[in-house]
Structures are given as structure tokens and as C-alpha cells.
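Engineer: Pasting in a structure now, in C-alpha cells, and then I'll have a few things to ask.
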Amino acid sequence: MKEEILLEFEELEILRSKKRWKLYFVVMAEHPTEKDKWIMTTIPNENHGLIELKPNAENKVYFEPQNAIGANGLFVLDRDMPRNRRLKVRVFLRHSRDNIRNAGKLLTDVENALGDEAYGQVTNLLGRSNPWLVIGQEAVQKVGAILSNIKDRDFGMITMDEEFGPEFENQSELDRENKFSTGDARLVWSWATRKHVKEDLYT
């Protein structure tokens, strides 16, 4: 029986005065197969622009339709359950000062800044087709400082580390909530587990 884990964002609230926001996330997670590496990407990717929030939205974005049974939120990642049943994830929230944020350029800027601690960009990881930048484990602590040099507004970081313990046995999805490190935004996300029979490629 194969077990997978799924991460989705459900609700975002900006805890500042109402204005027009042009938002994007920078997501970092442990590499699914190489223990000494992490991967990072941006959401939305460059094909989907930015998350635009106008004043009449009351500074809130509902990624999951309200009062809709079985509805999904904003898909972030999907991967096999780690052997130790633990996964580390870091998420930054940014407000773009431009109308368009080139996701590919942001990853390239981080790659250039990290130098030998970056290992190139790959696609089709963790259930997403957009590019991921592979970085060394020690480089994770440097990403925040690199992002601060990009002239976008920084809402800070949230740590979404999860240990998939007994609480997931009785319910397959659990919601989490926290403020970003600046205290200027709040995010609700969900971790879900699912089991299914692994397909036999020879049948």
C-alpha cells in the first residue's frame, strides 16, 4: 500500500491596511530523494501571474471555496510519505512591486547568488510541472537574505514542518494556521494523507 502526502493552502489574510496586493509564495521543501538537498519554487508560477487582491476583497483570499464539501485549496506539493514520516517545508510570502513577477528569473537570481550551493533547475517534482531549483541543505538558511535583496515587500516566512503521527489515522486531513514572521499576514493550510494500491507496471 502506497502512502502519499498532500499540502494545500486554504486561506490567506493580509493583516495590514487594505490596498491592492500582488502576491506570490516562495516554497522550499526537502528533496524527495536526496537527503542532503532541498528544492524551491514560486507559486503561482510565471504562467499564472500573481495572486491579485483588491481592496473590496477585505484583505482575504479563499483558495478553497467556502461551504463546498470536498473542494480543494491551492495545490502546493504532493509526494510519497518519507520513511521517517516527517517533512520540512518553508514558505515565504511576497508582494510584487511590478505587475508581473518572472518566476524563472527569481529562481535564477537565487541560483546565481548561491553559486556552488545550487544544483540547477528541474521540473516535474512533487506533483508540479513548474521548475524547482535544487539547493544544498546548508543553503536553506541563506535564501531569506537573498530574497530580501529583491525589491518586493517581504511578509516573512512560515515553517510548515509536519510529523505525520497517529492524529492522521482517524482523519486524513488536518488544518494548520499561523502568522508569517513579520506578523503582517496569516495563512491557513492543510496536510493530507492518502493511501492507494501501487500500480503494477507489468500488468
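The values are calculated or read from the model by the stated rules, or taken from the named source; none is laboratory data. Source: prediction; values computed, not measured. Cβ: placed from backbone, ideal geometry, glycine included. Neighbour counts: every protein chain shown. Accessible surface areas use protein heavy atoms only, side chains included; no ligands, DNA or RNA. Shrake-Rupley method; radii C 1.70, N 1.55, O 1.52, S 1.80 Å.
Engineer: Assuming R0 = 22 Å, what is the FRET efficiency of Q171 and K2, from their Cβ-Cβ distance, to the nearest 0.05?
Structural biologist: Calculated value: 0.65.
Engineer: At 20 °C and a viscosity of 1.002 mPa s, what translational diffusion coefficient does Stokes-Einstein give for the chain, taking Rh as the Kirkwood radius over Cα pairs? Give it in µm²/s as a whole number.
Structural biologist: Once the numbers are plugged in, D ends up at 120 µm²/s.
Engineer: Between K19 and D78, take the C-beta separation as r, use R0 = 30 Å, and let me know the FRET efficiency to the nearest 0.05.
Structural biologist: Efficiency at R0 = 30 Å is approximately 0.35.
Engineer: Keeping all protein chains in place and using 1.4 angstrom, which order do Y119, Y24, Y62 fall into by accessible surface area, from largest down?
Structural biologist: Correct descending sequence by accessible area is Y119, Y62, Y24.
Engineer: On average, how much accessible surface per residue is there in segment 2-196, in Å², for a 1.4 Å probe, leaving out ligands, DNA and RNA?
Structural biologist: 52
Engineer: What are the principal axis extents of the Cα atoms in segment 1-112, in Å, biggest first?
Structural biologist: Extents along the principal axes, in whole Å: 46, 44, 24.
Engineer: Measure out, as a whole number of angstrom, how far apart the alpha-carbon centroids of segment 15-65 and segment 79-127 sit.
Structural biologist: 12
Engineer: Enumerate the lysines that K151 could reach by cross-link, defined here as Cα to Cα under 16 Å, with residues fewer than 8 away along the same chain left out.
Structural biologist: Cα-Cα hits under 16 Å: K22, K105.
Engineer: Of the options L126, Q171, T42, report the single residue whose Cα projects farthest towards the positive end of the charge dipole of the chain (beta-carbon charges: Lys, Arg +1; Asp, Glu -1).
Structural biologist: Of the listed residues, the answer is T42.
Engineer: Got a number for carbon plus sulfur as a percent of the chain's accessible area, 1.4 Å probe?
Structural biologist: 43
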